[in-house]
Amino acid sequence: VQLVESGGGLVQPGGSLRPSCTASERTISSYNMAWFRQAPGKEREFVATISRNGAYTNYADSVKGRFTISGDNAKNTVYLQMNSLKDEDTAVYYCAATPFGIPVVHTRYNYWGQGTQVTVSS
């Protein structure tokens, strides 16, 4: 399973970004997918997850109401729509996949992308 993130960048506070994660063929229809993030000097933390059929999503409290995770099976791509961005959202954002459950702990995920940098700054 290969995951490739893109779509990060520099944005002002209050702005929006939509990173994407393109996966190997049929990956997102066979795996539960998630986004995590890691800021310098901090632990990797859960952001959002979506079930393989798209029926279930879960969000960290810190992003609930601002971020939306979605998937496009035809494109084998998962998106993270990020609105009302704050300075504290600055981090490297990673896409992850697992065939087992819908965990919020990064150690439970088997496959990872290389990450995409999101910087929120004025």
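List of remarks:
- In the stretch 1-88, chymotrypsin sites (Phe, Trp or Tyr not before Pro) in a DSSP loop with at most 15 other beta-carbon atoms within 10 Å: Y56
- Every helix of 4 or more DSSP H residues in the chain counts as -39500 (n - 2.57), and over all residues that averages to -500 deg cm²/dmol at 222 nm.
- Along the chain, longest interval not containing exposed GluC sites (Glu not before Pro), exposed being DSSP loop plus at most 13 other Cβ atoms within 10 Å: 44-122
- Calculated FRET efficiency for the pair T107/T57, C-beta based, R₀ 25 Å, to 0.05: 0.75
- At R0 = 22 Å, FRET efficiency that the Cβ-Cβ distance of S70 and E45 yields, to 0.05: 0.60
- Surface share of carbon and sulfur [accessible, 1.4 angstrom probe, percent] for the chain: 46
- The mean sequence distance of close C-alpha pairs (under 8 Å, at least 6 residues apart), as a share of the length of the chain, puts its relative contact order at 37 percent.
- Mean projected area of the convex hull spanned by the Cα atoms of the stretch 27-75, taken over all viewing directions: 4.1 nm².
- For the stretch 43-116, the solvent-accessible area of protein heavy atoms averages 50 Å² per residue (probe radius 1.4 Å; ligands and nucleic acids excluded).
The values are calculated or read from the model by the stated rules, or taken from the named source; none is laboratory data. Nothing here was measured: the structure is a model prediction, and the numbers come from that model. All Cβ positions, glycine included, derive from the backbone under ideal geometry; neighbour counts span all protein chains shown. These accessible areas exclude ligands, DNA and RNA; they are computed on the full protein's heavy atoms, side chains included. Shrake-Rupley method; radii C 1.70, N 1.55, O 1.52, S 1.80 Å.
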